[in-house]
1. Hey, can you tell me all the residues within the range 46-68 that are in contact (Cβ under 8 Å) with a residue 12 or more places away in the chain and more than 20 Å from LEU21 (Cα to Cα)?
2. Just to be sure I understand the filter: pairs with C-beta atoms under 9 Å, separated by 6 or more residues or on different chains, first member in the range 28-45 and over 22 Å from VAL74 (Cβ atoms), second member open to solvent by 80 Å² or more (accessible area, probe 1.4 Å) and among the β-branched types (Val, Ile, Thr). Which pairs pass?
3. Quick check on this structure: which one of MET1, MET87 is at pLDDT below 95 and open to solvent by 90 Å² or more (accessible area, probe 1.4 Å)?
4. Considering only residues that are under 16 Å from VAL68 (Cβ atoms) and out of contact with any helix residue (DSSP H, G or I) (no Cβ under 7 Å at 6 or more places or on another chain), look in the range 10-41 and name the one that is surrounded by the most Cβ atoms within 10 Å (Cβ to Cβ).
Amino acid sequence: MTFDEYQTKALTTAIFNKDPLMDKTIWAMGIAGEAGEVIEKWKKVVAYRDGIITETDKIELAKEMGDVVWYIAVLAHSLGLSFDEIMRINVEKLKSR
């Protein structure tokens, strides 16, 4: 699946409100919230299991990272950006460093 294909599929699960600014705000906050859940799960691996990552941990981290990606996909769409475009811009930025 390409980034743009994922973005298209993600949009089928998005709920849009009548206020586009509210939608964008919710999705931006969702990115931060889900990123916090990723770090919370990682903290537990480091703090309570000495950094030993189980298969369950990997699955749970993947779920939370997927939620981050979902919010990015939907926010990007609301800004008129495709995932492929974002990835291209990011690689260009990284090359310029």
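1. Residues satisfying the conditions are ASP57, GLU60, LEU61, GLU64, MET65, ASP67.
2. Listed by first residue and then by second, the contacts come to VAL45/ILE52.
3. Values: MET87 fails: open to solvent by 90 Å² or more (accessible area, probe 1.4 Å).
Of MET1, MET87, the one residue that is at pLDDT below 95 and open to solvent by 90 Å² or more (accessible area, probe 1.4 Å) is MET1.
4. Per the criteria, the residue is ILE26.
The values are calculated or read from the model by the stated rules, or taken from the named source; none is laboratory data. The structure presented is a predicted model; accordingly, all values stated were derived computationally and were not measured. No Cβ is skipped: glycine too gets one built from the backbone with ideal geometry, and neighbour counts run over all protein chains shown. SASA here: full protein model, heavy atoms, side chains in, ligands and nucleic acids out. Shrake-Rupley method; radii C 1.70, N 1.55, O 1.52, S 1.80 Å.
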